[in-house]
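Here, each number is a calculation from the coordinates, and none is a lab measurement. Everything numeric here is computed off the predicted structure, so don't read it as measured data. Positions of Cβ are backbone-derived with ideal geometry, glycine not excepted, and every protein chain shown enters the neighbour counts.
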Amino acid sequence: MTLTIWLIIATVLMFIISGIYLIYKSAKKFNLSTQQLEKIKQRNCEQDKKDKE
């Protein structure tokens, strides 16, 4: 393999690794207020009732 092919392979691998790292770093938990948590629980209960029907 020539040097050009190795450089292309290295560049592609770096793009893939940097993309995965960016997703990993940006995946944080949400800090929700108690009101927001209550709304989420209420919607989940409503959806569960609809699913049972």
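A few comments on the model shown:
- Taking 0.36 nm per residue of separation and subtracting the Cα-Cα distance, full extension of the segment from residue 51 to residue 33 would add 3.8 nm.
- Neighbour net charge for residue 37 - beta-carbon separation under 13 angstrom, K R +1, D E -1: +3
- Over the chain: helical MRE at 222 nm, DSSP H runs n ≥ 4 each giving -39500 (n - 2.57), nearest 500: -28000 deg cm²/dmol
- Pairs of Lys residues in the chain are counted when their Cα atoms are under 27 angstrom apart and they lie 8 or more places apart or on different chains; the count is 10.
- Contour minus Cα-Cα distance for residue 44 and residue 3 (0.36 nm per residue): 9.1 nm
- The angle separating the long axis of helix 3-26 from the principal Cα axis of greatest extent in the chain is about 20 degrees.
- To the nearest ten degrees, helix 34-52 and the longest principal axis of the Cα atoms of the chain are 80 degrees apart.
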